[in-house]
Amino acid sequence: MWDYDVTFYGLDIEVSSTSIYIQGNGTINGIALVPLDTFAFELIPEQNIDSLWFNGIQYTNFYRDGNNVLVPITELNAGDSFSAQVFYQGEPPTGGFFTGVTNDYSGTYNQPVTWTLSESFAAKDWFPVKQDLEDKADSCWVFLTTSTDNMAGSEGLLTNVVELGNGKHRFEWKSNYPIDYYLISFAVADYQEYNVYAHPTEMAGDSILIQNFIYDSPGCLENNKAGIDKTAEFIELFSEKYILYPFWEEKYGHCLTELDGGMEHQTMTTLGGFSFHLVAHELGHMWFGDNVTCATWSDIWINEGFATYSDYLANEFILGWEAGKSFISSAQSNAMSSPGGSVYVPEDEVYPGNEWRIFSGRLSYDKGAVIIHMLRHEIQNDD
């Protein structure tokens, strides 16, 4: 699986707001790094493979080894490009925060909703994938077919909504930015769209779209509008403190779900609400986590520490010095609340089922942010 470089992920799947069942096809384009006689990828056994094509030829000789699928192929030379397409369907296992696909119901807004969360190891639950943090695809397309009373959000630009008849339509999302496997996503529900725009100083009057899919239910927009609108101010601040929002040619956005927290899917965060802290944190990930991504899960503090520090910056520069001081003092207290503990996650502690060690609030988040704050002090940067 490590013998090729992924250049493109393409998904064309049918999804529902009332089920986690998925049916459709996934494409992996890549380049062989060495002579290649076996193509390998990950997809859980619960996803049944109907057919598999490699460079336009159907292969029936594939076999499965746990979550791995291996396909003996006509040998490729190093440097050869290829395209693999997998037609599949199935219902992945569910339960817990780190579940590939989740279906839930909003009692507040009387809406069913389905969403994905692939970090750290669950992309294979719902699409054919190579789960390697160091191998970002150059681009991805996510085409989502669903009933006409639903909308479906994903990465990049919504290039088309195709009416298919029989009560269905297809949302066609395309992104041309490099993307890690776990940042590809979808969310589907009876949504309404509410958009605002950010105007970073560097863009000299131009703007960045902030595209939001929230429940199409009475009170939902009114209850969340202030939190959504604040996103523009955050983008403008972080563009000043870091660099210009990295995905400015496409968008930033949110899909509202019943997720207990948020997940920084690239250009389209999935979250369960629009609190000041959550929106700032997940947006901060667009710079650190999405644009700059840790090479191993052992170094997750780079992602989470900077996202937590982004929340601190929002407190300091938007709410004021005292709010920032209170935030960082709380992070320092939590980081020191127990003896020992490293921001680096030892390799033997990085495995499926141990995600809460990887995403330790005390170590990966708060201690990570405190280290960044210390570095800021050392370089005497108060701006």
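The values are calculated or read from the model by the stated rules, or taken from the named source; none is laboratory data. Quick caveat: nothing in here was measured; it's all calculated off a predicted structure. Backbone-built Cβ (ideal geometry, glycine too); neighbour counts: all protein chains shown.
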Does region 207-257 hold any residues that are of a type in the set (Phe, Trp, Tyr) and farther than 22 Å from residue 179 by Cα, and which are they?
-> 215, 234
Hits in region 278-310 - residues which are part of a helix (DSSP H, G or I), of a type outside the set (A, V, I, L, M, F, W, C) and crowded, with 24+ Cβ neighbours inside 10 Å | 281, 282, 284, 303, 304, 305, 308, 309, 310
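Looking for something assigned by TED's automatic domain parsing to the domain that holds residue 223, surrounded by fewer than 19 Cβ atoms within 10 Å (Cβ to Cβ) and without any contact (Cβ under 8 Å) to a residue 12 or more places away in the chain - is there at least one such residue anywhere in region 140-155? Give the steps one after another, and end with the answer.
Let us first name the residues in region 140-155 that are assigned by TED's automatic domain parsing to the domain that holds residue 223, namely 140-155.
Right, trim to surrounded by fewer than 19 Cβ atoms within 10 Å (Cβ to Cβ) and you get 147-149.
Pick out the ones that are also without any contact (Cβ under 8 Å) to a residue 12 or more places away in the chain and you get none.
No, region 140-155 has no match at all.
Give me a count of the residues in region 333-383 that are acidic (Asp, Glu) and closer than 17 Å to residue 288 by Cα.
Taking region 333-383 and keeping what is acidic (Asp, Glu), we get 347-349, 355, 366, 378, 382-383.
Within this subset, residues satisfying the condition of being closer than 17 Å to residue 288 by Cα are 366.
The number of residues fulfilling the criteria is 1.
Restricting to region 147-159, what's the tally of residues that are within 20 Å of residue 269 (Cα to Cα), in a strand (DSSP E or B) and more than 14 Å from the chain's Cα centre (by Cα)? Spell out how you get there, then give the answer.
Residues of region 147-159 that are within 20 Å of residue 269 (Cα to Cα), as a first pass: 150-159.
Those still in the list that are in a strand (DSSP E or B) too: 151-153, 157-159.
Checking which are more than 14 Å from the chain's Cα centre (by Cα) leaves us with 151-152, 157-159.
So the answer is 5.
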Determine the pairs where a residue that is among the charged types (D, E, K, R), located within region 1-26, has a partner that is modelled with pLDDT of 95 or more and in a loop (DSSP other than H, G, I, E, B) with Cβ atoms under 8 Å apart, the partner being 6 or more residues away or on another chain.
-> 3/33; 3/34; 5/33; 5/135
Subset of region 261-277 (residues that are surrounded by fewer than 24 Cβ atoms within 10 Å (Cβ to Cβ) and farther than 12 Å from residue 115 by Cα) | 261, 273, 274, 275, 276, 277
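Here is a yes/no grid of residues against (1) of a type outside the set (Val, Ile, Thr); (2) under 19 Å from residue 122 (Cβ atoms); (3) out of contact with any strand residue (DSSP E or B) (no Cβ under 6 Å at 6 or more places or on another chain):
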position	(1), (2), (3)
9	yes, yes, no
12	yes, no, no
20	no, yes, no
24	yes, yes, no
41	yes, yes, no
47	yes, yes, no
52	yes, no, no
Looking at 78, 84, which is the one that is under 30 Å from residue 32 (Cα atoms) and part of a loop (DSSP other than H, G, I, E, B)?
-> 78
Filter result (of a type in the set (A, V, I, L, M, F, W, C), free of Cβ contacts under 8 Å to residues at least 60 places away in the same chain and part of a strand (DSSP E or B)) within region 191-217 | 196, 198, 208, 209, 210, 214
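Can you tell me which of 172, 163 is surrounded by fewer than 14 Cβ atoms within 10 Å (Cβ to Cβ), at negative phi and at pLDDT 95 or above?
Details: 172 fails: surrounded by fewer than 14 Cβ atoms within 10 Å (Cβ to Cβ).
Being surrounded by fewer than 14 Cβ atoms within 10 Å (Cβ to Cβ), at negative phi and at pLDDT 95 or above holds for just one of 172, 163, which is 163.
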Are there any pairs, at least 6 apart or on different chains, whose C-beta atoms fall under 6 Å, with the first in region 163-176 and more than 14 Å from residue 250 (Cβ to Cβ) and free of Cβ contacts under 8 Å to residues at least 40 places away in the same chain and the second β-branched (Val, Ile, Thr) and not in a strand (DSSP E or B), and if so, which?
-> 167/148; 169/148
Consider residue 105 against the criteria (1) assigned to a strand (DSSP E or B); (2) under 22 Å from residue 5 (Cα atoms); (3) in contact (Cβ under 8 Å) with a residue 40 or more places away in the chain: it satisfies all of them except one. Which criterion is unmet?
-> (2)
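Would you check which residues across region 172-190 are of a type outside the set (Ser, Thr, Tyr) and outside any loop (DSSP other than H, G, I, E, B) and list them? Explain how you work it out, then say what you get.
Applying the first criterion (of a type outside the set (Ser, Thr, Tyr)) to region 172-190 yields 172-174, 176, 178-180, 183-184, 186-190.
Once the filter is applied, which keeps residues that are of a type outside the set (Ser, Thr, Tyr) and outside any loop (DSSP other than H, G, I, E, B), region 172-190 yields 172, 173, 174, 179, 183, 187, 188, 189.
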Hey, residue 136 under 25 Å from residue 50 (Cβ atoms) and in the same structural domain as residue 247 (by TED's automatic domain parsing) or not | no
